[in-house]
Amino acid sequence: MKMTEEIMEVWSGEILKNLQRATDIFEVEISCPFDTKRFSPGQFVSIAPLAQESVMSRPFSISSVHDSSFSILIKTIGKNTDLLSEMQKEQIKVWGPCGKGNPITDLRFDELWLIGGGIGIAPLVFFNKVFSDYEKECRSGRGRVRVFYGSQSEEDLDFNLFPADSVEYSTDDGTFGSPGKITELFIKEIEMIRSKKITVVTCGPNIMMRQIARICKHRDVPCFVILEQPMACGTGICLGCSVKMKSGMKRICKDGPVFPAEEVIWDELT
Ligand SMILES: Cc1cc2nc3c(=O)[nH]c(=O)nc-3n(C[C@H](O)[C@H](O)[C@H](O)COP(=O)(O)OP(=O)(O)OC[C@H]3O[C@@H](n4cnc5c(N)ncnc54)[C@H](O)[C@@H]3O)c2cc1C
Ligand code: FES
């Protein structure tokens, strides 16, 4: 299995755009001084603390890349995300790319299913772009990409992220798309699959990913999960994000955050 890893850079990035996309969800575009082709789906950047009382940097998945900038999707849940959502044309300290990226480059499948819950959709936007481009260029032998995007309610969904024909939505309160949890939609769809080879990448609440991983294991479908743990250094040095996995202790920030689902001991995650 090929995992990409890059040398990390530290820079002062300018916030080029900051757009509200849904309730509490903002898309923040940040300038980047090096070639953004170095970013790989699954990788993240760390942003130096913005709130005076915060000590640790804040990690955010890379959701899209442009010529000399990239975007993150943030959900405002606290001091730093609140401040970030209000910034325009200001400079912030950024380091990245952090973590290992895309682990599925060498896999062959008929369909890639990207399953995101809430803000867990952020890294999957980048996966979708990269693998949809492969598909268009017909150079991979891979099939189409399908996105399953679940949220609590319609107002939490960002409708700008995916082409309408590649995404299926669910809302817990039934206000848009399939009513109920995204896992219910996933189960319904996977039960209809007979001979196609599916590969799954999922990101969202642990309870959601755990259930998806269990179903994939049962059906012999390769599944990759993008994990979040509280982080301190974000660079692999402090061991603060280490988690026991089946093959030993792993640092989520350095050895992940993308892992084969069968590696994960779910009860070990916070
Ligand atoms: C590898 C990785 C990638 C991430 N990618 C994204 C992303 O693309 N978009 C995004 O919006 N967020 C992402 N996060 C989470 C993001 O880093 C946190 O939301 C952010 O650090 C919160 O900072 P804050 O100061 O605003 O909130 P704080 O004031 O630090 O926290 C507010 C409340 O939220 C809780 N909280 C903090 N972090 C998390 C978390 N990771 N999960 C659940 N609850 C948390 C705290 O316990 C507290 O109760 C990612 C995290 C990791 C580890
Ligand atoms: S946060 Fe320091 S090793 Fe991962």
Cα shape, region 111-226, gyration tensor, a/c 1.5 rule: oblate
Three principal axis lengths of region 1-66 [C-alpha, angstrom, descending]: 37, 28, 25
For region 227-270: rounded, prolate or oblate by the Cα gyration tensor [a/c cutoff 1.5]: prolate
Computed FRET value (nearest 0.05) for Lys188 with Gln91, which takes r as the C-beta separation and R₀ as 51 Å: 0.60
Positive minus negative residues near Arg210 (Lys, Arg vs Asp, Glu; Cβ under 11 Å): +1
The chain: relative contact order in percent, alpha carbon pairs under 8 Å with at least 6 residues between: 18
Principal axis dimensions, largest first and in whole angstrom, of the chain by Cα: 53, 42, 39
Relative contact order %, region 125-270, counting alpha carbon pairs below 8 Å whose residues are six or more apart: 13
Candidate aspartates and glutamates - alpha carbon under 16 Å from Lys217, same-chain residues fewer than 8 apart omitted: Glu189, Glu191, Glu262, Glu263
Candidates Ile207, Ile72, Ile62: whichever shows maximal mean-square fluctuation once the chain is modelled as a Gaussian network with Cα springs under 10 Å: Ile207
Reachable aspartates and glutamates, given that their alpha-carbon falls under 15 Å from the alpha-carbon of Lys188 and they are not under 8 places away in the same chain: Glu168
C-alpha long axis of helix 206-218 to longest principal axis of the chain, angle in °: 30
Pairs of Cα atoms farther than 17 Å apart, region 160-236, %: 56
Distant-in-sequence amide H partners of Ser178 (H built 1.01 Å from N, under 5 Å): Tyr169, Ser170, Thr171
Chain lengthening between Ser195 and Ser12 when straightened (0.36 nm per residue, less Cα-Cα): 60.9 nm
Stretch in the chain that is longest and holds no chymotrypsin sites (Phe, Trp or Tyr not before Pro) that DSSP places in a loop and that have at most 15 other beta carbons within 10 Å: 35-158
Helix 122-137 vs. the chain, principal-axis angle (Cα, 0 to 90°, nearest 10): 60
Region 41-184: C-alpha gyration tensor shape, a/c 1.5 cut-off, then a/b vs b/c: oblate
Percent of alpha-carbon pairs separated by more than 20 Å within region 23-97: 25
Candidates Glu191, Glu111, Glu155, ranked by Gaussian network fluctuation over the chain, Cα under 10 Å, top entry: Glu191
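Only the coordinates and a few stated rules stand behind these numbers; no lab work does. Because the structure is a prediction, the values reported are computed rather than measured. In this analysis, Cβ positions are derived from the backbone assuming ideal geometry, glycine residues included, and neighbour counts consider all displayed protein chains.
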